[in-house]
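Here, each number is a calculation from the coordinates, and none is a lab measurement. Just so we're clear, the structure is a prediction, and the values are computed from it rather than from any experiment. Neighbour counts are summed over all protein chains in view; Cβ atoms, including those assigned to glycine, are modelled from backbone coordinates with ideal geometry.
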Amino acid sequence: MKLRCLDCEQSWSFDPLRWRCACGGVVEIVEGPGFDPAGVAAGDYTVWRYRDALPLPEGCNPVTLGEGWTPVVDAEWVDRPVRFKMESLNPTGSFKDRGAALLVTALRAVGAGEVVDDSSGNAGAALSAYCGRAGVHARIFVPQHASPAKRAQIAVYGAELVRVPGSRTDTTRALLEAVDQGAAYASHAYSPLYAQGMKTIAFELWEQGGRRAPESLVVPVGHGGLLLGLHLGFRDLLAAGVIKDVPALYGVQASACAPLAQAWERGSDVIEPVEEGETVAGGVRIAAPPWGSYVLDAVRQSGGALLALSDKETLFAQRRLARLGFYVEPTSALPVAALENLRTRLSGVPVVVLTGNGLKSPPAATEGR
C-alpha cells in the first residue's frame with residue numbers, strides 16, 4: 001500500500017501523517033485492499049463491517065462510536081419515489097463520522113497525540129468526538145460565522161476551539177500556519193483516508209439495496225470528499241465483479257459559492273477559485289476545493305452532473321423535508337432541492353444522502369423564512 005501524488009506522481013510508503021505532496025498536489029492511496037464480499041464482517045453493523053477493504057496500518061484497533069450502517073428510508077418528493085440515506089443519524093449527527101473514525105484510528109496507530117483541523121462545524125465535531133474517544137487532543141480552527149450549535153458541539157467533546165474572524169478561507173490559512181509549526185493535520189479536506197471512510201456508504205447502499213447499486217445518487221458538494229468516496233466505493237464494487245455499472249453521481253453546490261458547478265457549466269477541467277459568498281449551506285462554502293478537478297472527473301466518469309442552487313430553493317426544501325419528518329440542516333437539503341431540476345436526468349429510484357442533522361442549524365437559518 002502506497003501514497004501517490006496525483007499531480008507529480010511521486011510515491012511514498014503509506015503514512016497517515018502525510019496529507020499533501022511537497023509540490024502542493026493532493027495524494028491518493030494506491031495498491032490498497034480491494035472489496036471482497038467474503039470479507040464483510042456479517043455481525044458488525046458499523047463501518048468496521050468493511051475493515052478488510054479499508055487501508056489502515058497493520059494491527060491498529062478501531063476507534064469507534066458505532067458509526068455507519070445508517071438506514072435507507074423510502075419517501076416521495078414531487079410525486080416521485082426517492083430513497084434517503086440517513087447519515088444525519090451517525091453518532092455526532094453527520095456523515096463526517098465515517099472519515100473521522102478511519103483517520104483518528106490511523107493517526108493514533110502511528111502515535112499522534114495531538115491533531116488540528118479547520119472546519120465550519122461537522123468535520124470539527126466528528127474529529128473532536130473521535131479524538132475524545134481515542135485520548136488524542138484536538139485543536140479545531142472554526143470560522144467566526146460557523147453555527148453556534150456546531151461550535152458548542154466541538155467544544156463539549158473537549159477539543160480546543162480556535163475561532164477565526166473572516167472567511168472560511170481565512171480559517172484554513174490560520175490552520176496551515178499551525179501545521180507549518182509542526183502540528184499533525186487531521187484534514188477532512190486533504191487526507192485520502194477521509195474519502196476511504198466515505199466509500200463505506202457505497203458498500204452499505206449495495207447491501208441495503210439487495211446487493212444492487214442504485215442507478216443515481218445526489219449529494220451536496222463542498223470539498224467533494226463524499227462524492228469521491230462514493231466514486232471509490234462503487235469502483236471497488238465494480239472491480240470485485242459484484243455490480244455491472246456504477247451509479248450516476250450528481251453533486252449540488254450553493255450558488256453563492258459554486259466553483260465546481262461553474263467549472264462544469266464551462267465544460268472545463270480547471271477549477272477557478274470563487275468569491276466566498278454568504279449561504280445558509282455552510283457545509284459547502286468552499287471557494288477552492290483541493291480535490292476539485294478529481295471530483296469533476298468522477299462525475300464525468302459516472303455520467304452525472306454538477307449544479308448550483310439558491311438559498312431560497314434550499315430553505316424551501318428544508319422546510320418541506322421537515323413536514324415529511326426529516327429534520328436536516330440546510331446543506332443536507334441542497335441535494336433534495338435539486339431533485340426537481342434533475343427530474344428528467346435521474347434514472348431508477350434516486351438515493352439522496354442526508355448528510356447532517358437539523359439540530360446543528362442555528363434557528364435563524366430556519367425561522368421566519
For the stretch 1-149, the Debye formula with one identical point scatterer on each Cα and no solvent gives log10 I(q)/I(0) at q = 0.09, 0.15, 0.18, 0.21 Å⁻¹ as -0.36, -0.93, -1.20, -1.36
Hey, what do the phi angles of the stretch 92-104 turn into as Karplus ³J(HN,Hα) couplings, whole Hz, using 6.51/-1.76/1.60 and θ = phi - 60°, x for Gly and Pro? 9, x, 8, 5, 5, 4, 5, x, 5, 4, 5, 5, 5
For the pair residue 207 and residue 349, the simple spin-label estimate (label points 7 Å beyond Cα toward Cβ) gives in nm 2.0
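When averaged across all projection directions, what area in nm² does the alpha-carbon convex hull of the chain cover? It would help to have the intermediate numbers written out before the result.
Numbers: hull surface 66.5 nm².
The directionally averaged projection comes out at 16.6 nm².
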With a 20 Å threshold on alpha-carbon distance, the violating pairs from 96/199; 150/199; 85/360; 199/244; 85/312; 2/199 are 150/199; 85/312
Counting DSSP beta bridges with both partners in the stretch 155-311, what percentage is antiparallel, nearest 5? 10
Jot down the radius of gyration and Dmax of the stretch 96-185, Cα atoms only, both in angstrom. 12.0, 35
Between residue 8 and residue 36, how high is the FRET efficiency from 1/(1 + (r/R0)^6) when r is the Cβ-Cβ distance and R₀ = 56 Å? Nearest 0.05. 0.95
³J(HN,Hα) computed for each position of the stretch 316-321 - Karplus, 6.51 cos²θ - 1.76 cosθ + 1.60, integer Hz, glycine/proline x: 4, 5, 4, 5, 5, 4
Extending each Cα 7 Å along its Cβ direction at residue 265 and residue 58, get the distance between those two points in nm, one decimal. 5.2
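In whole percent, what relative contact order does the chain give with Cα contacts below 8 Å and a gap of six or more residues? Write down the numbers at each step before the final one.
Values: 801 pairs, mean separation 60.1, N = 369.
Rounded, it is 16 percent for the chain.
Ranking request for peptides 31-40, 190-199: highest mean number of other beta-carbon atoms within 10 Å first, then the rest in descending order. Walk me through the numbers before you get to the answer.
Details: 31-40: 14.4, 190-199: 26.2.
Highest-to-lowest ranking by the protection proxy: 190-199, 31-40.
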